[in-house]
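Derivation of every value follows stated rules applied to the coordinates shown; laboratory data play no part. The structure displayed is predicted, hence computed values, not measured ones. Every residue, glycine among them, receives a Cβ derived from its backbone with ideal geometry; neighbour counts consider all protein chains shown.
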Amino acid sequence: MQNSRAGSGERENRMVDCLFCRIVSKKVPAKIIYEDERILAFEDVNPQAPVHTLVIPKKHIPTTLDIEDEDNALIGHLIRTAGEIAKGKGIAERGFRLVVNTNPEAGQTVYHVHIHILGGRHMHWPPG
Ligand code: 5GP
Ligand code: ZN
């Protein structure tokens with residue numbers, strides 16, 4: 001019998017293979033700056049701005065397209081916490097950007113939903 005996951009590709013990678021799930025379970029080290037029972041925030045390993053922090057749900061959700069009704073409160077908490085982190089880093093008033101890339105053409109490379117908090121420099125528009 002054919003495995004229903006066969007051919008699903010890296011975008012459907014399972015929790016065991018997921019880098020950010022491994023950061024959640026502390027199997028991969030990261031500079032964690034905030035954690036509660038539902039979410040985790042840590043510094044991006046390859047920062048694109050003076051502030052570049054990632055905020056993720058602990059729950060494995062591959063892309064924004066996989067968010068379900070039951071996740072609404074979780075995603076709200078994620079976005080509001082991103083704002084609190086920006087405040088804590090002193091960039092809220094001058095401005096910051098929250099970015100969520102979805103699928104290859106947008107540049108998503110890790111298939112576990114994450115919000116990029118970018119700030120500390122002028123942000124260009126449109127983004128590249
Ligand atoms: P995406 O391209 O999927 O929107 O964002 C993935 C982000 O994860 C990138 O900004 C990349 O620098 C970051 N990243 C990739 N691997 C690691 C890692 O092992 N540790 C941390 N802290 N960030 C990572
Ligand atoms: Zn994951």
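Couple of notes before you dig in:
- Pair THR64, GLU105: separation of 7 Å Cα→Cβ label points (nm): 1.4
- Looking at the range 55-123, the pairs of alpha carbons with a distance over 21 Å make up 29% of the total.
- Highest mean packing first, where packing is the average number of other Cβ atoms within 10 Å per residue, the peptides 113-119, 58-64, 73-79 line up as 113-119, 58-64, 73-79.
- Against the chain, whose longest principal axis comes from its Cα atoms, helix 72-88 is set at around 30 degrees.
- Least to most buried among GLU70, GLU35 (fewest other Cβ within 10 Å first): GLU70, GLU35
- The alpha carbons of the range 8-119 give a radius of gyration and a Dmax of 13.5, 43 Å, in that order.
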